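Colleague: One structure, pasted below without further comment.
The values are calculated or read from the model by the stated rules, or taken from the named source; none is laboratory data. A quick note: this is a predicted structure, and the numbers were derived from the prediction, not measured. Glycine gets a Cβ as well: all are built from the backbone with ideal geometry, and neighbour counts include every protein chain shown. Calculation scope for accessible area: heavy atoms of the full protein, side chains included, ligands and nucleic acids excluded. Shrake-Rupley method; radii C 1.70, N 1.55, O 1.52, S 1.80 Å.
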Amino acid sequence: MAFTSIKDWKEGIISNAEIDKYLVDGKDFIDNQAIFATLDRQRQPDPKFIRDILQKSLSITTLSSDETAALLQVTDPELWQEINQTALAVKKKVYDNRIVFFAPLYCANHCVNNCAYCGFREANSLEKRRILTMEEVKRETASVLNEGHKRLILVFGEHPSTDVDYMVECIKSVYSVQEIAAKSGQPTNIRRANINAAPMDIAKLKKLKEAGIGTYQVFQETYHRETYSQVHPANTLKGNYRWRLYALHRALEAGLDDVAIGALFGLYDWKFEVMGLLKHTHDLERQFGIGPHTISFPRMTPALGSWLSDHSEYILSDDNMKKVVAVLRLSVPTAGLIVTAREKADIKLELLQLGCTQTDASTRIGIGAYSDQKKELNKDKEQFTIGDPRDLDEVIREVGKLGYISSFCTAGYRCGRTGETIMGMLSHCVEGKYCKLNAVLTYREYLNDYASPETKEIGEKLIQQEIAEIEGADYFKQKPHLLTRFRQDYGETLNGKRDLFI
Ligand code: SAM
Ligand code: SF4
(Lines give C-alpha, C1' and ligand atoms only; values in the text may rest on other atoms or scores of the structure.)
(Ligands and ions follow the chains in the order given, each with its own letter.)
Protein backbone atom coordinates (compact mmCIF):
# COMPACT_ATOMS: atom_id res chain seq x y z
CA MET A 1 0.00 0.00 0.00
CA ALA A 2 1.33 3.46 -0.89
CA PHE A 3 1.55 5.81 2.07
CA THR A 4 2.78 9.32 2.55
CA SER A 5 3.62 9.19 6.24
CA ILE A 6 3.72 6.82 9.17
CA LYS A 7 0.62 8.56 10.48
CA ASP A 8 -1.32 7.86 7.25
CA TRP A 9 -0.08 4.30 7.21
CA LYS A 10 -1.24 3.75 10.78
CA GLU A 11 -4.68 5.10 9.97
CA GLY A 12 -5.13 2.47 7.29
CA ILE A 13 -4.28 -0.55 9.45
CA ILE A 14 -7.28 -1.27 11.66
CA SER A 15 -10.60 -2.21 10.09
CA ASN A 16 -13.42 -2.04 12.62
CA ALA A 17 -15.61 -4.10 10.31
CA GLU A 18 -13.06 -6.93 10.68
CA ILE A 19 -13.49 -6.80 14.45
CA ASP A 20 -17.22 -6.27 14.75
CA LYS A 21 -18.16 -9.24 12.59
CA TYR A 22 -16.86 -11.66 15.24
CA LEU A 23 -18.55 -10.03 18.24
CA VAL A 24 -21.67 -11.50 19.80
CA ASP A 25 -24.20 -8.81 20.76
CA GLY A 26 -21.38 -6.30 20.58
CA LYS A 27 -19.32 -8.27 23.12
CA ASP A 28 -16.03 -10.11 22.73
CA PHE A 29 -15.28 -13.44 24.38
CA ILE A 30 -13.33 -12.11 27.36
CA ASP A 31 -15.62 -11.28 30.25
CA ASN A 32 -13.44 -10.37 33.23
CA GLN A 33 -16.21 -10.81 35.76
CA ALA A 34 -17.21 -14.21 34.39
CA ILE A 35 -13.58 -15.41 34.56
CA PHE A 36 -13.14 -14.18 38.13
CA ALA A 37 -16.46 -15.75 39.10
CA THR A 38 -15.42 -19.13 37.62
CA LEU A 39 -12.09 -19.06 39.44
CA ASP A 40 -13.93 -18.14 42.63
CA ARG A 41 -16.53 -20.90 42.20
CA GLN A 42 -13.72 -23.46 41.93
CA ARG A 43 -11.73 -22.06 44.86
CA GLN A 44 -11.60 -25.39 46.69
CA PRO A 45 -12.20 -28.09 44.12
CA ASP A 46 -13.27 -31.54 45.26
CA PRO A 47 -10.45 -34.07 44.53
CA LYS A 48 -13.05 -36.38 42.96
CA PHE A 49 -13.99 -33.62 40.51
CA ILE A 50 -10.31 -33.16 39.68
CA ARG A 51 -9.87 -36.89 39.01
CA ASP A 52 -12.96 -36.88 36.75
CA ILE A 53 -11.42 -33.99 34.83
CA LEU A 54 -8.18 -35.93 34.42
CA GLN A 55 -10.14 -38.84 32.96
CA LYS A 56 -11.91 -36.48 30.56
CA SER A 57 -8.57 -35.04 29.41
CA LEU A 58 -7.34 -38.53 28.63
CA SER A 59 -10.20 -38.80 26.14
CA ILE A 60 -8.60 -35.80 24.32
CA THR A 61 -11.39 -33.27 24.69
CA THR A 62 -11.04 -29.54 25.28
CA LEU A 63 -12.01 -28.79 28.87
CA SER A 64 -14.67 -26.34 29.99
CA SER A 65 -13.97 -23.11 31.86
CA ASP A 66 -15.04 -24.61 35.21
CA GLU A 67 -12.87 -27.69 34.70
CA THR A 68 -9.84 -25.58 33.81
CA ALA A 69 -10.44 -23.22 36.73
CA ALA A 70 -10.71 -26.20 39.08
CA LEU A 71 -7.31 -27.50 37.95
CA LEU A 72 -5.78 -24.05 38.39
CA GLN A 73 -7.11 -23.84 41.94
CA VAL A 74 -5.66 -27.13 43.21
CA THR A 75 -3.34 -26.60 46.18
CA ASP A 76 -2.64 -30.17 47.35
CA PRO A 77 0.89 -31.20 46.17
CA GLU A 78 -0.18 -34.84 45.79
CA LEU A 79 -3.03 -33.88 43.52
CA TRP A 80 -0.57 -31.79 41.48
CA GLN A 81 1.52 -34.94 41.08
CA GLU A 82 -1.50 -36.65 39.56
CA ILE A 83 -2.17 -33.64 37.33
CA ASN A 84 1.43 -33.65 36.11
CA GLN A 85 1.42 -37.37 35.43
CA THR A 86 -1.82 -37.10 33.48
CA ALA A 87 -0.46 -34.14 31.52
CA LEU A 88 2.45 -36.29 30.43
CA ALA A 89 0.13 -39.18 29.59
CA VAL A 90 -1.99 -36.85 27.41
CA LYS A 91 1.12 -35.63 25.67
CA LYS A 92 2.26 -39.18 25.05
CA LYS A 93 -1.15 -40.12 23.68
CA VAL A 94 -1.42 -37.21 21.26
CA TYR A 95 2.20 -36.37 20.47
CA ASP A 96 4.11 -39.43 21.64
CA ASN A 97 7.72 -38.83 22.75
CA ARG A 98 8.59 -36.28 20.07
CA ILE A 99 9.94 -32.80 20.42
CA VAL A 100 9.76 -30.59 17.37
CA PHE A 101 12.61 -28.12 16.89
CA PHE A 102 12.59 -24.71 15.25
CA ALA A 103 14.63 -21.50 15.25
CA PRO A 104 13.38 -17.91 15.38
CA LEU A 105 14.63 -15.45 12.76
CA TYR A 106 14.31 -11.81 13.79
CA CYS A 107 14.12 -9.87 10.54
CA ALA A 108 13.62 -6.28 11.73
CA ASN A 109 13.21 -4.31 14.95
CA HIS A 110 11.58 -1.10 13.78
CA CYS A 111 8.29 -0.66 15.57
CA VAL A 112 5.60 2.01 15.85
CA ASN A 113 4.28 0.62 19.14
CA ASN A 114 5.33 1.26 22.68
CA CYS A 115 4.74 -1.96 24.58
CA ALA A 116 6.11 -1.33 28.06
CA TYR A 117 7.86 -4.72 28.26
CA CYS A 118 9.62 -4.81 24.89
CA GLY A 119 13.07 -3.65 23.82
CA PHE A 120 11.82 -2.93 20.28
CA ARG A 121 9.31 -0.28 21.37
CA GLU A 122 9.50 3.00 19.48
CA ALA A 123 10.45 5.16 22.47
CA ASN A 124 13.45 2.99 23.38
CA SER A 125 16.34 5.12 22.16
CA LEU A 126 18.85 2.54 23.46
CA GLU A 127 17.77 0.11 20.77
CA LYS A 128 19.78 0.16 17.53
CA ARG A 129 17.40 -0.37 14.61
CA ARG A 130 18.03 -2.63 11.69
CA ILE A 131 16.05 -4.14 8.84
CA LEU A 132 17.64 -7.14 7.19
CA THR A 133 18.13 -6.93 3.44
CA MET A 134 17.11 -9.99 1.45
CA GLU A 135 20.78 -10.93 1.12
CA GLU A 136 21.04 -10.81 4.90
CA VAL A 137 17.85 -12.85 5.34
CA LYS A 138 19.38 -15.49 3.08
CA ARG A 139 22.63 -15.40 5.03
CA GLU A 140 20.77 -15.82 8.32
CA THR A 141 18.79 -18.69 6.82
CA ALA A 142 21.99 -20.38 5.65
CA SER A 143 23.46 -20.13 9.17
CA VAL A 144 20.39 -21.71 10.73
CA LEU A 145 20.30 -24.45 8.08
CA ASN A 146 23.91 -25.26 8.86
CA GLU A 147 22.92 -26.02 12.44
CA GLY A 148 20.46 -28.61 11.10
CA HIS A 149 17.18 -26.69 11.34
CA LYS A 150 14.30 -27.13 8.89
CA ARG A 151 11.69 -24.87 10.50
CA LEU A 152 11.88 -21.13 11.10
CA ILE A 153 9.63 -18.60 12.70
CA LEU A 154 10.15 -15.14 11.25
CA VAL A 155 9.60 -12.31 13.73
CA PHE A 156 8.92 -8.64 12.96
CA GLY A 157 8.13 -5.39 14.73
CA GLU A 158 5.19 -3.41 13.35
CA HIS A 159 6.31 -0.73 10.93
CA PRO A 160 5.48 0.49 7.40
CA SER A 161 8.96 -0.41 6.15
CA THR A 162 8.45 -4.02 7.26
CA ASP A 163 4.79 -4.41 6.36
CA VAL A 164 3.32 -7.48 4.68
CA ASP A 165 5.14 -7.02 1.36
CA TYR A 166 8.49 -7.05 3.17
CA MET A 167 7.37 -10.17 5.06
CA VAL A 168 6.47 -11.90 1.80
CA GLU A 169 9.91 -11.04 0.38
CA CYS A 170 11.51 -12.48 3.51
CA ILE A 171 9.51 -15.71 3.20
CA LYS A 172 10.48 -16.09 -0.46
CA SER A 173 14.12 -15.44 0.42
CA VAL A 174 14.04 -18.01 3.21
CA TYR A 175 12.54 -20.68 0.96
CA SER A 176 15.05 -19.92 -1.82
CA VAL A 177 18.14 -20.87 0.20
CA GLN A 178 19.70 -24.25 -0.28
CA GLU A 179 22.72 -25.38 1.72
CA ILE A 180 24.81 -28.52 1.76
CA ALA A 181 25.23 -30.45 5.00
CA ALA A 182 28.96 -30.59 5.76
CA LYS A 183 28.90 -34.10 7.27
CA SER A 184 27.03 -35.82 4.46
CA GLY A 185 27.06 -33.55 1.44
CA GLN A 186 23.26 -33.70 1.30
CA PRO A 187 21.19 -30.65 0.29
CA THR A 188 18.96 -28.95 2.81
CA ASN A 189 16.47 -26.11 2.91
CA ILE A 190 13.83 -24.57 5.16
CA ARG A 191 10.65 -26.59 4.81
CA ARG A 192 8.33 -24.52 6.96
CA ALA A 193 8.48 -20.77 7.63
CA ASN A 194 6.07 -19.57 10.30
CA ILE A 195 5.39 -15.92 11.14
CA ASN A 196 5.06 -13.96 14.37
CA ALA A 197 3.85 -10.53 13.39
CA ALA A 198 1.34 -7.86 14.29
CA PRO A 199 -2.38 -8.34 13.60
CA MET A 200 -3.38 -7.66 10.00
CA ASP A 201 -6.51 -7.37 7.89
CA ILE A 202 -7.77 -10.31 5.87
CA ALA A 203 -6.39 -9.03 2.56
CA LYS A 204 -2.84 -8.93 3.96
CA LEU A 205 -3.23 -12.29 5.62
CA LYS A 206 -4.16 -13.76 2.24
CA LYS A 207 -0.80 -12.54 0.94
CA LEU A 208 0.95 -14.46 3.71
CA LYS A 209 -1.05 -17.54 2.81
CA GLU A 210 -0.04 -17.21 -0.85
CA ALA A 211 3.60 -16.88 0.20
CA GLY A 212 3.30 -20.33 1.78
CA ILE A 213 3.71 -19.66 5.48
CA GLY A 214 3.06 -22.43 7.97
CA THR A 215 1.65 -21.05 11.21
CA TYR A 216 0.60 -17.46 11.89
CA GLN A 217 1.28 -16.53 15.49
CA VAL A 218 -0.02 -13.56 17.49
CA PHE A 219 0.18 -13.37 21.28
CA GLN A 220 -2.54 -11.45 23.06
CA GLU A 221 0.12 -10.59 25.70
CA THR A 222 -2.54 -10.18 28.40
CA TYR A 223 -6.23 -11.00 28.23
CA HIS A 224 -6.91 -8.65 31.12
CA ARG A 225 -8.27 -5.52 29.45
CA GLU A 226 -7.16 -3.00 32.08
CA THR A 227 -3.61 -4.36 32.21
CA TYR A 228 -3.60 -4.46 28.41
CA SER A 229 -4.39 -0.73 28.34
CA GLN A 230 -1.71 0.04 30.91
CA VAL A 231 1.10 -1.62 28.96
CA HIS A 232 -0.04 -0.69 25.43
CA PRO A 233 -0.59 3.06 25.10
CA ALA A 234 -4.01 3.94 23.66
CA ASN A 235 -2.55 6.08 20.88
CA THR A 236 -0.67 3.10 19.39
CA LEU A 237 -1.94 0.43 17.00
CA LYS A 238 -1.31 -2.22 19.61
CA GLY A 239 -3.45 -0.23 22.05
CA ASN A 240 -6.52 -1.70 20.28
CA TYR A 241 -7.30 -4.79 22.37
CA ARG A 242 -9.98 -6.19 20.09
CA TRP A 243 -7.98 -5.76 16.87
CA ARG A 244 -5.48 -8.12 18.44
CA LEU A 245 -8.05 -10.41 20.04
CA TYR A 246 -9.52 -11.27 16.63
CA ALA A 247 -6.22 -11.41 14.68
CA LEU A 248 -6.41 -15.18 14.45
CA HIS A 249 -10.11 -15.25 13.59
CA ARG A 250 -9.20 -13.13 10.57
CA ALA A 251 -6.28 -15.43 9.79
CA LEU A 252 -8.59 -18.46 9.71
CA GLU A 253 -10.98 -16.54 7.51
CA ALA A 254 -8.07 -15.72 5.19
CA GLY A 255 -7.42 -19.44 4.83
CA LEU A 256 -4.41 -19.70 7.14
CA ASP A 257 -5.35 -22.96 8.82
CA ASP A 258 -2.68 -23.14 11.50
CA VAL A 259 -2.97 -20.30 13.98
CA ALA A 260 -1.03 -19.87 17.21
CA ILE A 261 -2.11 -18.06 20.35
CA GLY A 262 -0.12 -17.01 23.40
CA ALA A 263 0.08 -14.81 26.46
CA LEU A 264 3.09 -13.04 27.89
CA PHE A 265 3.22 -14.36 31.44
CA GLY A 266 4.30 -11.77 33.97
CA LEU A 267 1.98 -8.94 33.01
CA TYR A 268 -1.03 -10.10 35.02
CA ASP A 269 -2.29 -12.98 37.18
CA TRP A 270 -1.28 -16.31 35.62
CA LYS A 271 -4.57 -18.07 36.37
CA PHE A 272 -6.50 -15.33 34.59
CA GLU A 273 -4.22 -15.63 31.54
CA VAL A 274 -4.70 -19.40 31.33
CA MET A 275 -8.45 -18.81 31.42
CA GLY A 276 -8.02 -16.20 28.67
CA LEU A 277 -6.13 -18.68 26.48
CA LEU A 278 -8.90 -21.21 27.06
CA LYS A 279 -11.64 -18.71 26.17
CA HIS A 280 -9.70 -17.85 23.02
CA THR A 281 -9.56 -21.55 22.14
CA HIS A 282 -13.29 -21.97 22.80
CA ASP A 283 -14.16 -19.03 20.56
CA LEU A 284 -11.97 -20.23 17.68
CA GLU A 285 -13.52 -23.69 18.01
CA ARG A 286 -17.04 -22.20 18.16
CA GLN A 287 -16.62 -19.89 15.18
CA PHE A 288 -14.34 -21.99 12.95
CA GLY A 289 -14.35 -25.52 14.33
CA ILE A 290 -10.55 -25.29 14.77
CA GLY A 291 -8.57 -24.73 17.93
CA PRO A 292 -5.11 -23.18 18.04
CA HIS A 293 -2.36 -25.17 16.35
CA THR A 294 -0.03 -24.14 19.17
CA ILE A 295 -0.14 -22.21 22.43
CA SER A 296 2.81 -20.21 23.73
CA PHE A 297 3.38 -18.92 27.25
CA PRO A 298 6.48 -16.75 26.96
CA ARG A 299 7.63 -15.62 30.38
CA MET A 300 8.63 -12.00 30.50
CA THR A 301 12.42 -11.61 30.75
CA PRO A 302 14.42 -8.39 31.25
CA ALA A 303 14.43 -6.24 28.13
CA LEU A 304 16.74 -3.38 27.28
CA GLY A 305 15.37 -0.11 28.66
CA SER A 306 12.18 -1.71 30.06
CA TRP A 307 11.63 -1.15 33.76
CA LEU A 308 8.47 -3.25 33.79
CA SER A 309 10.17 -6.35 32.37
CA ASP A 310 12.27 -6.48 35.55
CA HIS A 311 9.85 -5.19 38.15
CA SER A 312 6.37 -6.47 37.39
CA GLU A 313 4.50 -7.67 40.48
CA TYR A 314 3.23 -10.61 38.41
CA ILE A 315 6.61 -12.12 37.48
CA LEU A 316 5.88 -15.84 37.28
CA SER A 317 7.74 -18.31 39.53
CA ASP A 318 9.11 -21.58 38.12
CA ASP A 319 6.52 -23.52 40.11
CA ASN A 320 3.63 -21.59 38.65
CA MET A 321 5.14 -21.84 35.17
CA LYS A 322 5.01 -25.63 35.51
CA LYS A 323 1.37 -25.41 36.55
CA VAL A 324 0.60 -23.28 33.49
CA VAL A 325 2.06 -25.96 31.22
CA ALA A 326 0.39 -28.90 32.94
CA VAL A 327 -3.04 -27.24 32.95
CA LEU A 328 -2.80 -26.14 29.32
CA ARG A 329 -1.73 -29.65 28.33
CA LEU A 330 -4.90 -31.01 29.91
CA SER A 331 -7.27 -28.22 28.92
CA VAL A 332 -6.38 -28.03 25.22
CA PRO A 333 -4.98 -31.51 24.55
CA THR A 334 -4.73 -31.10 20.78
CA ALA A 335 -2.63 -27.92 20.82
CA GLY A 336 1.13 -28.03 20.49
CA LEU A 337 2.78 -26.30 23.46
CA ILE A 338 5.88 -24.21 22.80
CA VAL A 339 8.62 -23.51 25.32
CA THR A 340 11.26 -21.11 24.08
CA ALA A 341 14.86 -20.15 24.76
CA ARG A 342 13.55 -17.44 27.11
CA GLU A 343 13.66 -20.27 29.68
CA LYS A 344 16.89 -21.48 31.22
CA ALA A 345 18.08 -24.96 30.24
CA ASP A 346 17.04 -26.75 33.45
CA ILE A 347 13.48 -25.42 33.66
CA LYS A 348 13.06 -25.85 29.91
CA LEU A 349 13.79 -29.52 30.36
CA GLU A 350 11.23 -29.81 33.15
CA LEU A 351 8.60 -28.07 31.02
CA LEU A 352 9.30 -30.42 28.14
CA GLN A 353 8.58 -33.28 30.51
CA LEU A 354 5.25 -31.77 31.50
CA GLY A 355 3.86 -31.82 28.01
CA CYS A 356 5.53 -29.21 25.82
CA THR A 357 5.85 -30.37 22.23
CA GLN A 358 8.09 -27.77 20.58
CA THR A 359 11.17 -25.78 21.41
CA ASP A 360 13.84 -23.68 19.77
CA ALA A 361 17.59 -24.18 19.93
CA SER A 362 20.74 -22.36 18.72
CA THR A 363 18.59 -19.31 19.28
CA ARG A 364 19.92 -15.84 18.48
CA ILE A 365 17.42 -13.01 18.66
CA GLY A 366 19.67 -10.10 17.74
CA ILE A 367 18.92 -8.82 14.23
CA GLY A 368 21.50 -10.46 11.99
CA ALA A 369 22.96 -12.39 14.92
CA TYR A 370 23.12 -15.85 13.36
CA SER A 371 25.50 -14.84 10.62
CA ASP A 372 27.34 -12.27 12.74
CA GLN A 373 27.83 -14.90 15.46
CA LYS A 374 28.45 -12.04 17.87
CA LYS A 375 25.62 -12.68 20.23
CA GLU A 376 27.26 -10.91 23.16
CA LEU A 377 27.76 -7.81 21.07
CA ASN A 378 24.22 -7.79 19.76
CA LYS A 379 22.45 -6.89 22.98
CA ASP A 380 21.36 -3.52 21.67
CA LYS A 381 19.46 -5.16 18.85
CA GLU A 382 17.72 -7.77 20.99
CA GLN A 383 14.11 -7.66 22.07
CA PHE A 384 14.62 -9.37 25.42
CA THR A 385 17.16 -11.66 27.13
CA ILE A 386 17.36 -15.37 26.44
CA GLY A 387 18.00 -18.06 29.05
CA ASP A 388 19.14 -20.95 26.87
CA PRO A 389 21.61 -20.13 24.09
CA ARG A 390 22.78 -23.77 23.68
CA ASP A 391 23.18 -25.08 20.18
CA LEU A 392 20.83 -27.55 18.55
CA ASP A 393 23.18 -30.52 18.79
CA GLU A 394 23.54 -30.14 22.55
CA VAL A 395 19.79 -29.84 23.16
CA ILE A 396 19.04 -32.81 20.90
CA ARG A 397 21.60 -34.84 22.80
CA GLU A 398 20.15 -33.84 26.15
CA VAL A 399 16.54 -34.67 25.27
CA GLY A 400 17.74 -37.86 23.60
CA LYS A 401 19.19 -39.00 26.92
CA LEU A 402 15.69 -38.70 28.36
CA GLY A 403 14.21 -40.80 25.57
CA TYR A 404 12.76 -37.96 23.48
CA ILE A 405 13.10 -38.15 19.75
CA SER A 406 13.81 -34.85 17.98
CA SER A 407 11.63 -34.10 15.02
CA PHE A 408 11.94 -31.68 12.13
CA CYS A 409 8.78 -32.97 10.53
CA THR A 410 6.99 -30.48 8.31
CA ALA A 411 4.82 -33.01 6.52
CA GLY A 412 1.52 -31.89 8.05
CA TYR A 413 0.91 -28.74 6.08
CA ARG A 414 2.47 -30.13 2.94
CA CYS A 415 0.06 -33.10 2.98
CA GLY A 416 -3.00 -31.01 3.82
CA ARG A 417 -2.97 -32.15 7.44
CA THR A 418 -3.77 -28.68 8.78
CA GLY A 419 -6.70 -26.92 10.41
CA GLU A 420 -9.81 -29.01 10.89
CA THR A 421 -8.22 -32.13 9.41
CA ILE A 422 -5.28 -32.10 11.81
CA MET A 423 -7.50 -31.26 14.79
CA GLY A 424 -9.67 -34.30 14.07
CA MET A 425 -6.63 -36.49 13.62
CA LEU A 426 -5.03 -35.21 16.82
CA SER A 427 -8.13 -35.77 18.90
CA HIS A 428 -8.35 -39.31 17.57
CA CYS A 429 -4.60 -39.63 18.19
CA VAL A 430 -3.98 -40.47 14.54
CA GLU A 431 -1.84 -37.50 13.52
CA GLY A 432 0.61 -38.60 16.18
CA LYS A 433 1.13 -41.88 14.35
CA TYR A 434 2.06 -40.15 11.08
CA CYS A 435 4.27 -37.77 13.02
CA LYS A 436 6.08 -40.67 14.64
CA LEU A 437 7.05 -42.01 11.23
CA ASN A 438 8.06 -38.60 9.95
CA ALA A 439 9.92 -37.81 13.15
CA VAL A 440 12.05 -40.92 12.67
CA LEU A 441 12.76 -39.97 9.04
CA THR A 442 13.81 -36.42 9.95
CA TYR A 443 15.79 -37.61 12.99
CA ARG A 444 17.61 -40.01 10.64
CA GLU A 445 18.44 -37.06 8.39
CA TYR A 446 19.75 -35.04 11.33
CA LEU A 447 21.90 -37.88 12.66
CA ASN A 448 23.51 -38.39 9.26
CA ASP A 449 23.83 -34.76 8.25
CA TYR A 450 24.68 -32.77 11.40
CA ALA A 451 24.98 -34.77 14.63
CA SER A 452 28.22 -34.76 16.63
CA PRO A 453 29.60 -38.23 17.44
CA GLU A 454 28.20 -38.05 21.01
CA THR A 455 24.73 -37.06 19.83
CA LYS A 456 24.82 -39.68 17.12
CA GLU A 457 25.64 -42.40 19.60
CA ILE A 458 22.61 -41.59 21.72
CA GLY A 459 20.44 -41.01 18.66
CA GLU A 460 21.23 -44.35 17.03
CA LYS A 461 20.03 -46.28 20.09
CA LEU A 462 16.90 -44.18 20.33
CA ILE A 463 16.02 -44.50 16.67
CA GLN A 464 16.34 -48.29 16.84
CA GLN A 465 13.95 -48.32 19.80
CA GLU A 466 11.51 -46.15 17.86
CA ILE A 467 11.64 -48.41 14.83
CA ALA A 468 11.05 -51.47 17.03
CA GLU A 469 8.05 -49.70 18.55
CA ILE A 470 6.66 -48.84 15.12
CA GLU A 471 7.16 -52.40 13.87
CA GLY A 472 5.38 -53.80 16.92
CA ALA A 473 2.47 -51.31 17.08
CA ASP A 474 -1.04 -52.66 16.44
CA TYR A 475 -1.96 -49.46 14.62
CA PHE A 476 0.67 -50.06 11.95
CA LYS A 477 -0.01 -53.80 11.78
CA GLN A 478 -3.52 -52.89 10.73
CA LYS A 479 -2.15 -50.49 8.12
CA PRO A 480 0.61 -52.53 6.46
CA HIS A 481 0.85 -50.11 3.51
CA LEU A 482 2.06 -47.40 5.94
CA LEU A 483 4.66 -49.72 7.36
CA THR A 484 5.88 -50.74 3.91
CA ARG A 485 6.14 -47.10 2.87
CA PHE A 486 7.98 -46.23 6.08
CA ARG A 487 10.51 -49.04 5.67
CA GLN A 488 11.17 -47.95 2.11
CA ASP A 489 11.51 -44.24 3.01
CA TYR A 490 13.77 -45.04 5.96
CA GLY A 491 16.06 -47.15 3.78
CA GLU A 492 16.22 -44.43 1.13
CA THR A 493 16.93 -41.76 3.77
CA LEU A 494 19.77 -43.88 5.11
CA ASN A 495 21.12 -44.05 1.57
CA GLY A 496 21.08 -40.31 1.11
CA LYS A 497 17.62 -39.39 -0.16
CA ARG A 498 16.18 -36.33 1.58
CA ASP A 499 12.82 -34.83 2.44
CA LEU A 500 10.75 -37.99 2.25
CA PHE A 501 7.55 -37.81 4.25
CA ILE A 502 4.38 -39.78 4.75
N1 SAM B 1 5.54 -6.98 16.95
C2 SAM B 1 4.79 -8.16 16.86
C3 SAM B 1 3.77 -8.24 17.95
O4 SAM B 1 3.91 -7.53 18.93
O5 SAM B 1 2.84 -9.00 17.79
C6 SAM B 1 5.76 -9.29 16.86
C7 SAM B 1 6.10 -9.91 18.08
S8 SAM B 1 7.26 -9.54 19.23
C9 SAM B 1 8.73 -9.21 18.37
C10 SAM B 1 7.19 -11.24 19.79
C11 SAM B 1 6.66 -11.49 21.16
O12 SAM B 1 7.72 -11.34 22.07
C13 SAM B 1 5.60 -10.56 21.70
O14 SAM B 1 4.33 -10.91 21.23
C15 SAM B 1 5.76 -10.72 23.20
O16 SAM B 1 4.88 -11.67 23.73
C17 SAM B 1 7.18 -11.23 23.35
N18 SAM B 1 7.99 -10.32 24.19
C19 SAM B 1 8.07 -8.99 24.10
N20 SAM B 1 8.84 -8.51 25.11
C21 SAM B 1 9.25 -9.57 25.85
C22 SAM B 1 10.04 -9.73 27.05
N23 SAM B 1 10.57 -8.71 27.68
N24 SAM B 1 10.24 -10.98 27.52
C25 SAM B 1 9.72 -12.04 26.89
N26 SAM B 1 8.96 -11.95 25.78
C27 SAM B 1 8.71 -10.73 25.26
FE1 SF4 C 1 6.66 -3.70 18.79
FE2 SF4 C 1 5.83 -6.23 19.11
FE3 SF4 C 1 7.73 -5.20 20.70
FE4 SF4 C 1 5.26 -4.35 20.96
S5 SF4 C 1 5.99 -6.47 21.33
S6 SF4 C 1 7.07 -3.03 20.86
S7 SF4 C 1 4.55 -4.43 18.87
S8 SF4 C 1 7.88 -5.55 18.52
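Colleague: Given the conditions (1) under 16 Å from the mean Cα position of the chain (by Cα); (2) within 9 Å of ligand 1 (Cβ to nearest atom), which single one is not true for S309?
Modeller: (1)
Colleague: Here is a follow-up. Residue by residue through the range 124-141, note down the ones that are open to solvent by less than 70 Å² (accessible area, probe 1.4 Å) and of a type in the set (A, V, I, L, M).
Modeller: The answer is I131, L132, M134, V137.
Colleague: Is it fair to say R121 is out of contact with any Gly (no Cβ under 6 Å at 6 or more places or on another chain), within 11 Å of ligand 1 (Cβ to nearest atom), open to solvent by 20 Å² or more (accessible area, probe 1.4 Å) and not assigned by TED's automatic domain parsing to the domain that holds K436? Walk me through how you get there before you give the answer.
Modeller: Working: out of contact with any Gly (no Cβ under 6 Å at 6 or more places or on another chain): yes; within 11 Å of ligand 1 (Cβ to nearest atom): yes; open to solvent by 20 Å² or more (accessible area, probe 1.4 Å): yes; not assigned by TED's automatic domain parsing to the domain that holds K436: yes.
Here the answer is yes, as R121 does meet what is asked.
Colleague: Additional query: Output the residue which, of all residues in the range 272-306 that are assigned to a strand (DSSP E or B) and within 11 Å of ligand 1 (Cβ to nearest atom), is most open to solvent (accessible area, probe 1.4 Å).
Modeller: Step by step, filter the range 272-306, then rank; the result is R299.
Colleague: Return the residue satisfying two criteria in turn: it lies in the range 215-238 and is open to solvent by less than 20 Å² (accessible area, probe 1.4 Å) and not in a loop (DSSP other than H, G, I, E, B), and of such residues it is nearest to R192 (Cα to Cα).
Modeller: The selected residue is Y216.
Colleague: Here's a follow-up. Can you work out which of the residues in the range 240-271 that are within 13 Å of ligand 2 (Cβ to nearest atom) and open to solvent by 20 Å² or more (accessible area, probe 1.4 Å) is farthest from R41 (Cα to Cα)?
Modeller: Only one residue tops the list, namely N240.
Colleague: State whether the residues of the range 112-131 include one that is among the acidic types (D, E), over 27 Å from K497 (Cβ atoms), in a helix (DSSP H, G or I) and more than 20 Å from the chain's Cα centre (by Cα). Give the derivation first.
Modeller: As a first pass, look at the range 112-131 and keep what is among the acidic types (D, E): 122, 127.
Those left that are additionally over 27 Å from K497 (Cβ atoms): 122, 127.
Pick out the ones that are also in a helix (DSSP H, G or I) and you get none.
No.
Colleague: I've got another one for you. Would you be able to say whether some residue in the range 87-102 is within 16 Å of ligand 1 (Cβ to nearest atom) and touching a residue at least 24 places away in the same chain (Cβ under 8 Å)? Even if it seems obvious, please write down each step before you answer.
Modeller: First, the residues of the range 87-102 that are within 16 Å of ligand 1 (Cβ to nearest atom): 102.
Of the ones still in play, those that are also touching a residue at least 24 places away in the same chain (Cβ under 8 Å) are 102.
Yes, the range 87-102 contains a residue that is within 16 Å of ligand 1 (Cβ to nearest atom) and touching a residue at least 24 places away in the same chain (Cβ under 8 Å).
Colleague: Name the residues in the range 153-207 that are within 16 Å of ligand 1 (Cβ to nearest atom), part of a strand (DSSP E or B) and open to solvent by 10 Å² or more (accessible area, probe 1.4 Å), would you?
Modeller: I153, V155, F156, N194, N196 - these are the residues of the range 153-207 that are within 16 Å of ligand 1 (Cβ to nearest atom), part of a strand (DSSP E or B) and open to solvent by 10 Å² or more (accessible area, probe 1.4 Å).
Colleague: Could you identify the single residue in S59, S64 that is surrounded by fewer than 14 Cβ atoms within 10 Å (Cβ to Cβ) and within 26 Å of the chain's Cα centre (by Cα)? I'd like the intermediate steps shown before the answer.
Modeller: Details: S64 fails: surrounded by fewer than 14 Cβ atoms within 10 Å (Cβ to Cβ).
Within the list S59, S64, the selection yields S59.
Colleague: Please pick out the residue among D8, D52 that is surrounded by fewer than 21 Cβ atoms within 10 Å (Cβ to Cβ), touching an Asp or Glu at 6+ places or on another chain (Cβ under 9 Å) and of a type in the set (D, E). Steps first, answer last, please.
Modeller: Numbers: D8 fails: touching an Asp or Glu at 6+ places or on another chain (Cβ under 9 Å).
It is D52.
Colleague: Please find, within the range 370-423, the residue that is most open to solvent (accessible area, probe 1.4 Å) out of those that are modelled with pLDDT under 70 and among the β-branched types (V, I, T).
Modeller: T421
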